[in-house]
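The values are calculated or read from the model by the stated rules, or taken from the named source; none is laboratory data. All of these numbers come straight from a predicted model, not from anything done at the bench. Note that each Cβ is placed from the backbone with ideal geometry, even for glycine, and that neighbours are counted across all protein chains shown. Ligands, DNA and RNA are excluded from the accessible area calculation, which covers all protein heavy atoms including side chains. Shrake-Rupley method; radii C 1.70, N 1.55, O 1.52, S 1.80 Å.
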Amino acid sequence: MPVSLPRRRTPARRPTAATAAAATASLLALSLALTACGGDSPPPAADAKAARSGGEGCIEDFDPAKDYFPVKSRVEHAENFTLRYEKSYQVLTVKEPYPQGKPETYVLVKCGAPKPELTGELADAPQLTTPVKSLYSASTTHLPLLTETGTLDVLTGVGNSSYISSPEVRERVKSGKVAVYAADNSIDAEKVIAAKPDVLMTGGTDDPQYPKLRQAGIAVVANAEWLEPSPLGRAEWVKAMAALTGAEKRAGELFDTIESDYGKVAARAAKAAEKSEPVKVLPGAMYQGQWSMASGGSYLGRLIKDAGGTYPWADDKGTGNLQLSFEAVYAKGGDAKIWLMGEQWKSSADAVKADRRYGELAAVKDGEIWTNTKALGPEGGNDYFERGVLRPDLVLADLFAILHPEEAAGHTFTFHQKVPRA
């Protein structure tokens, strides 16, 4: 799911493997998108300076006794990063920067403050001056963290612009304000070094060019939100970005609204489930000869549960995907009335063309195939994997309306749409 590099196809922890990664959205009015599910839209993002907390200027007369972070982020849902505040610097630690990777820690020093002399585990930690002025991004999931906190001005580089959904970001690329540094999905290290960005934020995977960038003085900071199993945990990475951009206040307000709206929809789903049994759904699709099925503890598994749904593998405690045969899926889930998937099919006939066995699924026969490809960009990217990561409240609102249409009459879908019956 990269602003630049395409989102990882790793089946281990993706919600589904039948998706290709990232791009434009019809930016629907948030108030309309949440009307059916009782949510409130986040307050509009302010301009870049107003979005940042603690004053825009750097420290001019340093006082070691003064706390230079009047607004502090609290991390409550994310499991893969921690953030600690000292008086003039923050300590950001990413526990698993990429699958099986060792923890990485960064010291974020408020501009104008002297670099701290640190010992122990922080002695060799890279020190960055914040707020950063230029950031290169390796994933489309980073973009909403900037656009919705009013700090897009710091974005100066993306990997592959083809996967970008945001019209605002695409325009900045077109105008030359944002460079493309991995057009063929391979990092042009010389180009990055010449540009000297303050930070290159990773897409949650390692790259052989990163050591070279670090040796050249480029700070490589990991963003591995995709390894978070919970929807709100992924969204809370907006606070990690805010630590770099100085937008703690705006990020906190934004996340609080997302968390509240998510909770409202989940509460409505729980109430609906009290009236009847949870709605049985079938998630995923065939990929490279196997059905990639979300485990019950995964991102998609939790969304389905919170939307008032269930499926035969909902009790699996794993946080990744199960690789199953079609026969195994059909035996347990072939009777599900609703199929949630991510293919760009124009009708149910396309499903049968893709695999004739799909025609045996109840959801195909009944015409209840739902895809997360409503908001596609001009070059084929999918905003479900871009803005949807920050906005699980909107994703959940869509799922709630799919599973409980009688409870969400008039809902305006943001990321999902029904595949017409042939």
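Here E121 meets each of (1) within 24 Å of Q215 (Cβ to Cβ); (2) in contact with a Leu (Cβ under 6 Å, 6 or more places away or on another chain) with one exception, condition (2).
For V173, the requirement of being in contact with a Ser or Thr (Cβ under 8 Å, 6 or more places away or on another chain), assigned to a helix (DSSP H, G or I) and over 21 Å from L83 (Cβ atoms) is met.
Have a look at T319, T257 and point out the one that is within 19 Å of the chain's Cα centre (by Cα), under 26 Å from A138 (Cα atoms) and open to solvent by 10 Å² or more (accessible area, probe 1.4 Å). The conditions single out T319.
The residues in segment 390-407 that are open to solvent by less than 10 Å² (accessible area, probe 1.4 Å) and more than 20 Å from Y311 (Cβ to Cβ) can be counted, and the count is 4. If you go through segment 79-98 and keep only what is assigned to a loop (DSSP other than H, G, I, E, B) and open to solvent by 50 Å² or more (accessible area, probe 1.4 Å), you end up with E79, E86, K87, K95, Y98. Does A224 qualify as being open to solvent by 10 Å² or more (accessible area, probe 1.4 Å), touching a Pro at 6+ places or on another chain (Cβ under 6 Å) and either modelled with pLDDT of 95 or more or more than 27 Å from I59 (Cα to Cα) (or both)? The answer is no for A224. Yes or no: segment 196-203 includes at least one residue that is touching a Gly at 6+ places or on another chain (Cβ under 7 Å) and either open to solvent by less than 10 Å² (accessible area, probe 1.4 Å) or not in a helix (DSSP H, G or I) (or both). Looking through segment 196-203, at least one residue is touching a Gly at 6+ places or on another chain (Cβ under 7 Å) and either open to solvent by less than 10 Å² (accessible area, probe 1.4 Å) or not in a helix (DSSP H, G or I) (or both). Total residues in segment 129-144 satisfying the condition of being open to solvent by less than 10 Å² (accessible area, probe 1.4 Å) and either out of contact with any Gly (no Cβ under 9 Å at 6 or more places or on another chain) or under 28 Å from K374 (Cβ atoms) (or both): the figure is 8.
Of the residues in segment 140-162, none is out of contact with any Leu (no Cβ under 9 Å at 6 or more places or on another chain) and of a type in the set (D, E). Pairs linking a residue in segment 350-379 that is farther than 14 Å from W339 by Cα to a residue that is open to solvent by 60 Å² or more (accessible area, probe 1.4 Å), with Cβ atoms under 6 Å and 6 or more positions apart or on different chains, are K374/Q417. Residues in segment 145-170 that are part of a loop (DSSP other than H, G, I, E, B) and among the acidic types (D, E): E148 alone.
Would you pick out the residues in segment 344-387 that are open to solvent by 40 Å² or more (accessible area, probe 1.4 Å) and β-branched (V, I, T)? Hit for segment 344-387 is V352, nothing else. Here V279 clears all of (1) over 30 Å from K353 (Cα atoms); (2) in contact with a Gly (Cβ under 8 Å, 6 or more places away or on another chain); (3) surrounded by fewer than 24 Cβ atoms within 10 Å (Cβ to Cβ); (4) not charged (D, E, K, R) except the condition numbered (1).
Among the residues of segment 297-307, those that are open to solvent by less than 50 Å² (accessible area, probe 1.4 Å) and either within 15 Å of W226 (Cα to Cα) or over 22 Å from the mean Cα position of the chain (by Cα) (or both) comprise G297, S298, Y299, L300, G301, L303. When segment 99-120 is filtered for residues that are surrounded by 15 or more Cβ atoms within 10 Å (Cβ to Cβ) and not in a loop (DSSP other than H, G, I, E, B), the ones remaining, listed by number, are E104, T105, Y106, V107, L108, V109, K110. Considering segment 178-195, and only residues there that are surrounded by fewer than 17 Cβ atoms within 10 Å (Cβ to Cβ) and under 20 Å from P97 (Cα atoms), the residue that is nearest to the chain's Cα centre (by Cα) turns out to be N185. Output yes when any residue across segment 286-296 is touching a His at 6+ places or on another chain (Cβ under 8 Å), part of a strand (DSSP E or B) and crowded, with 19+ Cβ neighbours inside 10 Å, and no when none is. No; the residues of segment 286-296 include none that is touching a His at 6+ places or on another chain (Cβ under 8 Å), part of a strand (DSSP E or B) and crowded, with 19+ Cβ neighbours inside 10 Å. Any residue at all in segment 180-187 that's touching a Lys or Arg at 6+ places or on another chain (Cβ under 6 Å), of a type in the set (F, W, Y) and modelled with pLDDT of 95 or more? Yes, segment 180-187 has at least one match. Within segment 158-166, the presence of a residue that is at pLDDT 95 or above, surrounded by fewer than 21 Cβ atoms within 10 Å (Cβ to Cβ) and not β-branched (V, I, T) is excluded. Here is a check on your reading of the model: is E76 open to solvent by 10 Å² or more (accessible area, probe 1.4 Å), at pLDDT below 95 and in a loop (DSSP other than H, G, I, E, B)? Criteria not met by E76.
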